[in-house]
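**Q** Attaching a single structure in structure tokens format; questions to follow.
The values are calculated or read from the model by the stated rules, or taken from the named source; none is laboratory data. These figures come from a predicted structure and were not determined experimentally. So basically every Cβ, Gly included, is an ideal-geometry build from the backbone, and we count neighbours across all protein chains shown.
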Amino acid sequence: MASVVGSFPLASSFGSYVTKAAWCKTEKIQNKYHSMRHHQNHHTGIEVGSTFHQGARRYVLNAASGESFESAKPKHFPKPFRGSIKHYLDAFTRFFNVYVLIGSAISITSMSLLAVEKLSDISLTYFIGLFQAQVAAALMSGYVIGLNHLTDVEIDKINKPYRPLASGEYSFGTGLILTASCLILSFGIGWIVGSPPLLWALSIHFLLGTAYSIDLPLLRWKRIAVLAAMCIVVVHGVMFQLAYFLHMQTFVLQRPIMLPRSLLFSTAFLSFFSLVLALFKDIPDHEGDEKHGIKSLSVLLGQKRVFWICVSLLEMIYGVAILVGATSSNHWSKMITVSAHAVLASILLYHSKSVDVKSSSATASFYMFLWKLFYAEYLIIPFMR
């Protein structure tokens with residue numbers, strides 16, 4: 001350490017300053033407790049001064065050798081809390097997994113565009129209905145995410161220590177208040193709007209999100225691979241497509257129920273994709289799940305096998321999407337959907353070859369990449385006619 005510090009003039013000067021300051025502080029404290037030391041010696045024979053000198057000497061030697069103040073603190077000493085607005089916003093976005101909320105907004109917007117049949121459909125009424133669905137859905141997603149954090153604190157200390165509850169940035173009470181507020185506001189907006197498809201979507205999201213995470217008898221379905229996959233498929237694969245499309249078509253645009261070809265395809269495609277995401281999500285969490293007895297597919301079959309099963313399934317459904325796009329009678333639709341799916345399939349294969357399956361950070365990064373592919377599909381769906 002001395003050679004490292006000595007190689008930087010500023011660090012060397014700072015070390016010298018710390019050494020002098022530490023000795024000065026030591027001398028002041030010695031004088032303060034000098035009389036007490038003699039008093040203790042006279043009555044009990046306990047050598048306080050000797051113990052103090054040993055501790056002070058260790059402290060100053062640490063400073064002189066270039067050790068940081070953090071290393072001199074006890075292991076349990078709390079880290080300073082950064083009070084900047086940027087820090088609060090960062091913790092807030094990590095608590096609510098903003099990438100999920102953004103993806104939710106993209107999916108609802110895409111499904112709303114499918115309900116548009118002519119240019120005049122895009123009106124103030126259309127945007128108000130879309131905004132109401134976006135806010136209510138985002139708040140319900142916030143509830144589901146928050147509940148998952150509240151019930152996974154101990155697991156997250158291993159798998160995701162950056163989360164505010166696991167890191168200690170948020171207290172359990174703060175997390176509970178944020179989560180409950182999202183739930184109340186979400187149902188409140190749904191009730192005020194009065195759209196049956198919207199209320200149906202919020203209710204299903206609430207029931208499955210609660211059953212997925214909460215640790216009660218017959219619940220906490222995330223511990224069972226089949227039930228966990230079902231929750232994700234129903235919410236992301238079926239509900240977001242059908243419910244929000246019907247909200248725009250029947251409640252906002254006041255049209256009878258009609259399910260277009262593009263909606264049926266997107267529901268089937270994204271349901272299958274959601275199933276793959278449900279299988280893949282446990283690969284980065286392998287260590288924590290194994291320690292806490294969660295029998296995920298990654299724990300049962302191994303990380304590498306599950307990884308390549310997921311990649312193979314995704315390549316297969318991209319192939320199906322290319323075939324479906326090729327059957328379109330619309331030239332522009334055919335060209336866009338076939339080429340777009342071919343490009344996404346190639347990108348997936350290219351990225352999958354460079355992933356270290358045993359690395360939690362690498363598989364977690366790839367999992368986020370899969371979500372980007374998932375939401376990229378919503379950019380293609382409006383072109384399928």
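**Q** Got at least one residue in the stretch 350-365 being surrounded by 19 or more Cβ atoms within 10 Å (Cβ to Cβ) and among the acidic types (Asp, Glu)?
**A** no
Yes or no, residue by residue, for (1) at pLDDT below 90; (2) surrounded by fewer than 18 Cβ atoms within 10 Å (Cβ to Cβ):
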site: Asn97; (1), (2): yes, no
site: Ser112; (1), (2): no, no
site: Leu130; (1), (2): no, no
site: Val135; (1), (2): no, yes
site: Gly142; (1), (2): no, no
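**Q** Here is a further query. Determine which single condition Asp215 fails, assuming it passes every other condition in (1) of a type in the set (D, E, K, R); (2) outside any helix (DSSP H, G or I); (3) in contact with a Phe, Trp or Tyr (Cβ under 7 Å, 6 or more places away or on another chain).
**A** Single failed check for Asp215: (3).
Residue-wise test of (1) among the acidic types (Asp, Glu); (2) part of a helix (DSSP H, G or I).
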| residue | (1), (2) |
| --- | --- |
| Glu315 | yes, yes |
| Tyr318 | no, yes |
| Ala321 | no, yes |
| Ser328 | no, no |
| Ala340 | no, yes |
| Ile347 | no, yes |
| His351 | no, yes |
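**Q** Write out, first by first residue and then by second, each pair whose Cβ atoms fall under 8 Å of each other, whose residues are 6+ apart or on separate chains, and whose first residue, in the stretch 356-385, is touching a residue at least 12 places away in the same chain (Cβ under 8 Å) while the second is acidic (Asp, Glu) and assigned to a helix (DSSP H, G or I).
**A** Ser360/Glu287
**Q** May I ask you to list pairs of residues, at least six apart or on different chains, whose Cβ atoms are under 6 Å apart, with the first in the stretch 154-169 being in the same structural domain as Met368 (by TED's automatic domain parsing) and the second being of a type outside the set (S, T, N, Q)?
**A** No pair meets every condition.
**Q** Right, next: I need the full set of residues from the stretch 228-270 which are within 23 Å of the chain's Cα centre (by Cα) and surrounded by fewer than 17 Cβ atoms within 10 Å (Cβ to Cβ), in order please.
**A** Val238, the sole residue that qualifies.
**Q** Quick check on this structure: which one of Gly190, Gly175, Gly194 is on the phi > 0 side of the Ramachandran plot and either in the same structural domain as Gly142 (by TED's automatic domain parsing) or in contact (Cβ under 8 Å) with a residue 12 or more places away in the chain (or both)?
**A** Gly194
**Q** Can you pull out the residues in the stretch 107-127 that are touching a residue at least 12 places away in the same chain (Cβ under 8 Å) and either hydroxyl-bearing (Ser, Thr, Tyr) or farther than 30 Å from Phe273 by Cα (or both)?
**A** Ser107, Thr109, Ser110, Ser112, Asp121, Thr125, Tyr126
**Q** How about the stretch 144-157: which of its residues are modelled with pLDDT of 90 or more and not in a helix (DSSP H, G or I)?
**A** Residues satisfying the conditions do not exist here.
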